[in-house]
Each structure stands twice: as C-alpha cells, then as structure tokens.
1. Taking the chain as the reference, fit the longest principal axis to its C-alpha atoms, fit the long axis of helix 14-26 to the helix C-alpha atoms, and give the angle between the two in degrees, 0 to 90, nearest 10.
2. Stretched out fully, how many nm does the piece from Ala414 to Thr130 gain, at 0.36 nm a residue minus the Cα gap?
3. What is the local net charge at Lys452, summed over the other residues whose Cβ is closer than 11 Å to its Cβ (Lys, Arg +1; Asp, Glu -1)?
4. So how do Met146, Met318 line up by other beta-carbon neighbours within 10 Å, fewest first?
5. Determine the percent antiparallel among the DSSP beta bridges restricted to the chain, to the nearest 5.
6. Rounded to the nearest 20 debye, what is the charge dipole size of region 377-479 about its Cα centre when +1 sits on each Lys and Arg Cβ and -1 on each Asp and Glu Cβ?
7. With everything on Cα atoms, drop me the angle between helix 382-402 and the longest principal axis of the chain, reported from 0 to 90° to the nearest 10.
8. Taking every pair of alpha-carbon atoms in the chain, what share in percent sits in each 10 Å bin, from 0 to the bin with the longest distance?
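What follows draws every value from the coordinates through simple rules; no lab data is involved. Not measured: the values here are computed from a predicted model. Counting neighbours? That spans all protein chains shown, and the Cβs are built from the backbone with ideal geometry, glycine included.
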Amino acid sequence: MAQGKTILLVDDSDLIAGVLSEYFTAAGYTVLRAKNGIEGIEMTYRNIPDVIIMDVEMPVLQGYQASRILKSRRGVRDIPIIMHTSLSEDRDEFWARSSGADEFVTKNFDNLEPLMVRVTNLSDHPPFRTELISEDAAQVNRDFIMEILGTIIDRQLFQSTIMNELSGVGTCITSLRDTAENILGLLDRTCDHHVAVLLLYYHRKCLAFLLPSSQVYENEAEDFFNICLNDFYTTFSDTIPGSVEKSIFAIENREDYRKTRIDSRKINSYSQFELPGACDIIGTLHVGNFTNNYFSDLICDNIRIFAKGAGMLLENAMHLKYTSEMEIKIRNIFSKFVPAEIIDDMIGRTGTSSLLSGEKRSVAVLFSDIRSFTVISENNTPEDVVAFLNSFFEVMGNAIQKHGGTIDKFIGDAILAVFGAPTSYENNSERAVLAALEMFSSLSLLDTANLKLPPKGLDIGIGIHEGDVIVGNIGSKDKFDYTVIGDTVNLASRLEGLTKHYSSHIIVSQSIQDRLSGKILFRELDNVRVKGKEIPTTIYKLENIRKNSFPDDAVKLYNKALSMYKIQNWDTAIEYFTRVLATIPDDDVSQMYIDRCNNYKVSPPPKDWDGTRDLDFK
C-alpha cells in the first residue's frame, strides 16, 4: 500500500520528526522533512508528496498559515494535509480546520496507529495535476510565499468587512424586498456594476429584484434581466413558468429611465454567482458592466464572498416571508369557522403548549345534523346539493364562530363543533347553547328556492354536552387532525340523534342544564340510557328557540305531569299532560307521555323501574 508513496513531514521538533520518520519508513513510505512552514511549501512544490503531516506551531511561518497558502493554490490544493500538534487540542483543531486541513491528529506516541490509518486513507487519491504544480514551482520562494500570505490576510480582512457590512442588513430581514434592496445597494463594495439582478427560488416561483445604475435605461435593463432569467431557469428547471414576481429599485425619481440610448455603450461583461443558503442554493446573483472582460478572478472571488453572506441573509428573509404568508393563509382559512382570538392562540403557541401535544380538557361539544338530508340529496342535482351545503356550512360556521366555537369537522351534512379548545372560556356551555340558538334562527338566511325540500322544509337537530375530552392531533405521522375524542363527543352525537325521537330541535345533557339553569329555559324530557352507555342520562329540551314558545303556566303544568309520571301515577300525569296540550296543542312531548302512560296502565313497568328508558338506536 505504501510502496512509492511519499510523506512530507513539516515539524521543527527533531524528536518528533525522528520518531515519525522511523515509523513511516518502516511501513514502506518515503519520508521527507521540512523544519518550518516556508520550507514545507517550497518542498511541496519541488517533491509533490502524497501526504503532508504539518505541525500547527512552528517558527518563521505557522503550520496553519502554510496550510492556508497551499490550499489556496492550484494543483497543490489537492495534496492532503494532516495537522499534527501537541498543544491545546481545541484551539489547534480550530486553526487546523479553518486552514483547510483534511485531518487533525494530536501528537501522542499512542496515536501513531490512528495517524497511520489517516495517512493510508489519504494517500490513496487520484493523480495530482503535476504539470500545474511544476509550472508554478519556479516562482515559489520566501518572498513569493510571504506575498501570498499577505494576499490571504487581505482577503480575510475583506471578507470580514463585507460580512460586517451585510450584518447591518439583518435589521430589515422581516421584509424580503427591503433585504434585497439593501444587499444590492452594498454590491458596490465588491465591484463596479452597471446593472445587478437578484433571482430567488421561492417555492417553485422566481422572486426577482433588479437594480439598474443611473447609466442604464429600461430597454437594456429588461434585456439584461431576460438573459439572467434564462440562466436562472437553467439552474432551477422546475420553476413554474410565468411565476416571476419582479421589483425594480432606484427608478422612482428617474425621468430618463424610459429614454432610448443614442450612444454605442452596452453591457459587455456579465457574470452569474450562486447564492448559497444553509443547505441548498437559494438563488442567483447576476452582475453586468459596460467594460469588456471586467470580471477578473479577483473581482469574481470578491463577489462570491459577498454572495455567500448575502445568501444566508436572503434565506432568513425568505423563511420569514413564508411564515408570514402561512399565517395569513391560516387566518383566511380558519376565519370562517374559528374566532380571531383562537387563531392568535394557535399561531402563538410554542414548546410544551404546542398544539402537537394532546391534553385532557373540559369542553362543550355541539353536534348538528340536517333533518331528512337523504331526501334533499336524492331529489336535487349534485351541483345544487354541494352549493347548498357550502352555503349552509358557511352560515352555521359564522354562528359557531361568533360565540367562540371551533368547527372540529364536517361529517357529510353534520357539524361537530367544540367550545373550549384550543382556547377555553369560563362559559363554554353558554356559548355552545347561544350558538345553537343562532344556528337555528339562521336557517331563514339560507336561499333554498331552487331546492326540493322535505315536506316539513329545512330543519336541523342539535345535541350539546359538556365534559372531559382528549384534545390534540390525532392520526398517523402522514395524516392527522386536530380534534377531540372521548365519551363526551359520543354523547353529544347521541343527543342529536334523539332530537327526532323527542320532536325537539335542540337537546342538551344534565351537565349543560346544571350550568345554565335560571339563564336559559330548559324542559326536562326524559331519563334515558342511550346505546353504548350503562349510566342513564337526564336530557333536556331547549325551549328558548321561539319567544313565548313554552309559557310559564305550561311549564308548571308540565313539571307536575312529569313528577306524577315518575311515581307511576298514570291518570294524574295524563290529566296534567292533557292540560299542557290545551295550552300548546302541538306539543309532541306531552302527547308522547300521554301515550306512554296509557301503555303503562295496560303493561306496567318492572317493580324496580326508576323512570329510565333504554334506547337501542343512535
């Protein structure tokens, strides 16, 4: 493996040099030795070693300085360098890495084997361009090396200055347009430019920023821009055609911008530079100049340094632009169904309060369904049905949003809404009931003139229950929804299903009635054991749907009738329910109880009957 391979050892320590020379010579390598950085550079050009082992700290010229020089020159930059030191490991590794060295190994006689492994791996390389190295070797001497070092130091100073200038642009990265304008304004620190263009790849679109100098007119600026755009499309081939958003700077006060050039000047030099981001190229910088062959190697190197710093700033500004746009989209999408304060809470959450984490919470759940929707869907065209549903959901969504609710999901013609997640209120139950009342009253706002409706017209049923749920993102890693799950949701759905059975528009649970007793008029409907639950539930009908729909005298009669029913005094219960019907002839609930009492008179309930009805339907 080592046969024919040469190692150049650059180290001022005779002891270290002796040990390493003996060790690698025994392994079959030819070992050359230089005592300082200048000798090391000169011997590199003369001998073209396969690997260089370089001490960091040396007299005359430090090892990391010699490494920087070698790594900046054609041909010799391909020769692998291992930095080797016995001093502070952290500090020396920093200088080693920043100098362009390929590897770093601390000086320790226990490290000879790891050093051998690195030498072996690095010495197995493609052939060097020896003709270039030999061509440059004639001019390499001490003065030449120090001149190169001065150039490198100047370059680093320039880079530091440019980065410092660009850092000031960071104060305006909240505006991508302002960031681009300031960056193009700083480009004159690196070169003379008569026209400059920034083209950014932004989610398959091209964001373009053009800065013409005072000597460039509209026609030639546009011609130059089109050339740049074609080159941009070559780099970013999946850009959506026609997606260019262009901004032009410094022409607001130029009355001559649309002037036609009468002299022979034109853009004779053009160069393109990549704008690197943290991981990928984010766009391109294009510069034009009237002078022929303007872009020398030095100027291009300076612009590349500039482009590197500008790319990082532009990437940050692009991220902020995207975040801002996404926030606007979220607000536009959810504003129909979610109150503004809830959207603010969702967008502002971070860390442990993130919406990505599930939590147990007490909420009011509202479940709504369109009555006889099958009849509507079967007797109308699909287009009319969809148009009606969209209008229906918008009107119902507005009512829910107005009272602080969040639409969890649409399920066919049904709506599941939550009051208390992601933002909770002290009066979640009251908000849910008020939303239900407004949903019912909002039915009159819907235009159903072109629809064939059921005989009883458009109607809805609503069930409301308050209790604990699990709220969070539920699903798989590829698809999930922010939703609520638990028995509370199931019961609300069951209550909605009971609205048909009890001829009621809105039915609530005992927990809702307990919270709102005295504020809103409820009528106790029944004590039921719904399908899927062992514990019975007392359910209530919301009577505030229409003004004076259930007057006080009817309430008193109904409550007396229900109390007689519960103690199985069937005849007295029938008498009071009949008196309710005399006041409210279309009260289907009272008629239901009269029929039930008559049935119990013929077939009495079990002796342990507690008034609970078992319902085996959903």
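1. 80 degrees
2. Values: separation 284, 0.36 × 284 = 102.24 nm, distance 7.80 nm.
Gain on extension, Ala414 to Thr130, equals 94.4 nm.
3. Neighbourhood net charge equals -2.
4. Values: Met146 14, Met318 21.
By the 10 Å Cβ count, ascending, the order reads Met146, Met318.
5. Working: 59 of 88 bridges.
DSSP beta bridges in the chain are roughly 65 percent antiparallel.
6. On the way: 7 positive and 14 negative charges, 23 e Å.
With only Lys, Arg, Asp and Glu charged at Cβ, the dipole is about 120 debye.
7. Around 90 degrees separate the two axes.
8. 3, 12, 14, 12, 12, 11, 9, 9, 8, 6, 3, 1, 0
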